[in-house]
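Laboratory data are not the source of any read-out in this text; all were calculated from the coordinates shown. Everything numeric here is computed off the predicted structure, so don't read it as measured data. Note: ideal-geometry Cβ built from the backbone for every residue, glycine included; neighbour counts use all protein chains shown.
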Amino acid sequence: MEVSLVYLPDDETEIGARKISYCKKCLMPDSRPRIVFDDLGVCNACRYSEEKVLGIDWAAREEEFNKVLNNYRSKDNSWDCIVPWSGGKDSSAIAFKLKYEFDMNPLLVTFSPMMPTETGNHNREELIKAGFDHIFFRPNQKVHRYLAKRFFIERGHPKIAWDAGVNTIPVQVAVQYNIPLIFYAEHGETEYGGKVLNQESAKLRTFTEVIEHQIGDDPKNWIDEKVSEKDILPYLYPNSNDVDKVDIKAYYFGYFFRWSMFENYNFIKEKIDFKIHPNGRTSGTFTNFDSIDDKMDPLYYYMQYIKFGFGRTVRDASRFIQNGHMTYHEGLENAKKYDGEFPNEHLDEVLTYLDINEEQFNEIVEKHRNDEIWNKNDGDWKLNYPLPGN
Ligand SMILES: [Zn+2]
């Protein structure tokens, strides 16, 4: 079937302030923060996926990877690297490969999901049973819930503090245990479209970039009458003297090996009893194996849809298309069915966690709806520039 790739509304004068274009190869709109489109209307994530097939010398990258590991591999049975580990397919695949294919001795470090799911708990336990040491950090839930509510109200993003913790705790542990090597998964800005400063930034993680893109400010700014200096400890990056003393280097695994979340899933499900979403599909998307460990996630992705006009299906389908696991047309069909699905899954528990009622919830959601991209039509919110056929 022929699909029109450029969507032009009939009458541009009636359209709101923001014109949205979609990538001509995947489904991603240019409203994704920091994404760059080239003159042919193709996003930089798609261009990078082409490079992954044709432009990158993966054998040389693997050689570079082996050199890194040879510098760090433990000779005294101590842990030689840290894997920030959610228990999901990506970080589990990395941990498994480091230990059993590259003879490393990784320590897995988890900053707890806000609202852990049974599936996530099960999957973590399965990998630990496969032979791994693990540190699980659960932050003070009085403070964490308070911050979740506050950031949901203020920024439409309940996971800001979580984002900070997930980034700082592995580095805090690295300092504490004197482990100089950390393996993160993929560089999101390179893989999924964003601001790629240089090739080095796709290889070595810089915390400045993480603060700027994910957390948005310094956790010290969160101190108020309810949050003390002590309370923000889990969210603070260790001081640079300590990081320098251990000489910590944090690499992206996805720089050394061709990254694909679907292939990571296929890998890990062969190694452990990796459970998928019990409903067969995660709310808001067609996938059942990704980001299934936190009951907060459906809301997180829904807010992305409210703020930027693309939901979890567009995110997932774009990744599938880029890595050759799905056609553009199949992606569109999935987006039509599932993108922007209301996060009913676990909603009651989420409301309790955030200490708000449904009315307040709806008000907060609407407060964050981007009126440059949305329009109310016959009582329903519609995107001014929807995906073709949506
Ligand atoms: Zn694209």
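For the pair residue 142 and residue 207, what calculated FRET efficiency results from E = 1/(1 + (r/R0)^6), where r is the Cβ-Cβ distance and R0 = 22 Å, to the nearest 0.05?
0.25
Could you order peptides 224-234, 363-373 by the average number of other Cβ atoms within 10 Å of their residues, highest first?
Highest-to-lowest ranking by the protection proxy: 363-373, 224-234.
At 0.36 nm per residue, minus the direct Cα-Cα distance, what do residue 329 and residue 370 gain on full extension? Give it in nm, one decimal, please.
Separation in residues times 0.36 nm, less the Cα-Cα distance, equals 12.0 nm.
Distance cut-off 26 Å, Cα to Cα: go down the list 89/249; 149/367; 89/159; 52/336; 52/275 and report the pairs above it.
Cα-Cα > 26 Å for 52/336; 52/275; rest within.
Counting pairs of alpha carbon atoms under 8 Å apart in space and at least six apart in sequence, what relative contact order in percent does the chain give?
The value is 23 percent.
Please state the charge dipole magnitude for the chain, taken about the Cα centre, from unit charges on C-beta atoms (+1 on K and R, -1 on D and E), reported in debye and rounded to the nearest 20.
Charge dipole of the chain: 680 debye, to the nearest 20.
When ranked by the protection proxy of mean other Cβ atoms within 10 Å per residue, highest first, what sequence do the peptides 87-95, 30-38 form?
Descending packing order for the listed peptides: 87-95, 30-38.
Just report the Cα centroid separation between the range 125-151 and the range 299-358, whole Å.
23 Å
Provide the packing ranking of 176-185, 65-74, i.e. peptides ordered by the mean count of other C-beta atoms within 10 Å per residue, highest first.
176-185, 65-74
Mind checking the dipole of the range 57-256: about its Cα centre, +1 per Lys or Arg Cβ, -1 per Asp or Glu Cβ, Debye to the nearest 20?
Dipole magnitude for the range 57-256 comes out near 560 debye.
So which of 129/307; 269/295; 220/382 end up more than 29 Å apart by C-alpha?
Result: 129/307; 220/382 exceed 29 Å.
Gain in length, residue 223 to residue 377, computed as 0.36 nm per residue apart minus the alpha-carbon separation, to one decimal in nm?
Extra length from residue 223 to residue 377 when fully extended: 51.3 nm.
Given the rule -39500 (n - 2.57) for each run of at least 4 DSSP H residues, summed and divided by the residues of the chain, what is its mean residue ellipticity at 222 nm, to the nearest 500 deg cm²/dmol?
Result for the chain: -12000 deg cm²/dmol, rounded to the nearest 500.
Between residue 70 and residue 362, what length comes free when the chain is fully extended (0.36 nm per residue of separation minus the Cα-Cα distance, one decimal in nm)?
Here the answer is 99.8 nm.
Average the reciprocal distances over every distinct pair of alpha-carbons in the chain, invert the result, and give the Kirkwood radius in Å.
22.1 Å
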